[in-house]
Amino acid sequence: MAVDLNKIVPGRPQDVVANKQARQQNVQQQATTQAKAPEQSAKQAQDSVSITPQAQQLAQTQKAMAKAPSVSQEKVAELRKAISEGNYKVDPDKLAKAMTKLESELFGIN
């Protein structure tokens with residue numbers, strides 16, 4: 001029994017070989033393009049950093065906090081002892097003024 005190979009493979013054998021070569025060239029071109037793409041994008045891409053105003057303000061606040069005097073643990077211990085013994089007296093006028101001052105500083109009120 002004879003089999004006609006031209007009927008199994010579409011087109012003539014020469015066309016099949018030509019198509020195979022064209023596909024191989026296309027694959028090679030794509031590989032070359034993909035290999036060059038990172039080099040080109042690396043040349044074009046430049047790193048940059050921008051700091052938001054909020055980040056700048058945060059950095060300034062951190063610097064100011066670092067310069068602030070540290071908390072005296074002895075003073076804290078004295079106050080805790082006075083409060084627990086009932087000897088600590090609160091001056092309501094002084095407290096109200098301090099709270100008002102703090103709120104005006106926080107909210108920018110004069």
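The values are calculated or read from the model by the stated rules, or taken from the named source; none is laboratory data. Treat the numbers as computed from the prediction; the structure is a model and nothing was measured. Glycine also receives a Cβ, built like all others from the backbone with ideal geometry; neighbour counts cover every protein chain displayed.
Pick from K94, K81: which is more than 34 Å from the chain's Cα centre (by Cα), within 26 Å of L106 (Cβ to Cβ) and in a helix (DSSP H, G or I)?
Residue meeting the stated conditions: K94.
Quick check on my filter: what residues within region 97-110 are in a helix (DSSP H, G or I) and either surrounded by 10 or more Cβ atoms within 10 Å (Cβ to Cβ) or among the aliphatic types (A, V, I, L, M) (or both)?
K97, A98, M99, T100, K101, L102, E103, S104, L106 - these are the residues of region 97-110 that are in a helix (DSSP H, G or I) and either surrounded by 10 or more Cβ atoms within 10 Å (Cβ to Cβ) or among the aliphatic types (A, V, I, L, M) (or both).
Any idea which of (1) under 38 Å from the mean Cα position of the chain (by Cα); (2) surrounded by 10 or more Cβ atoms within 10 Å (Cβ to Cβ); (3) modelled with pLDDT of 70 or more; (4) among the charged types (D, E, K, R) is the one D47 doesn't satisfy?
So the condition that D47 fails would be (2).
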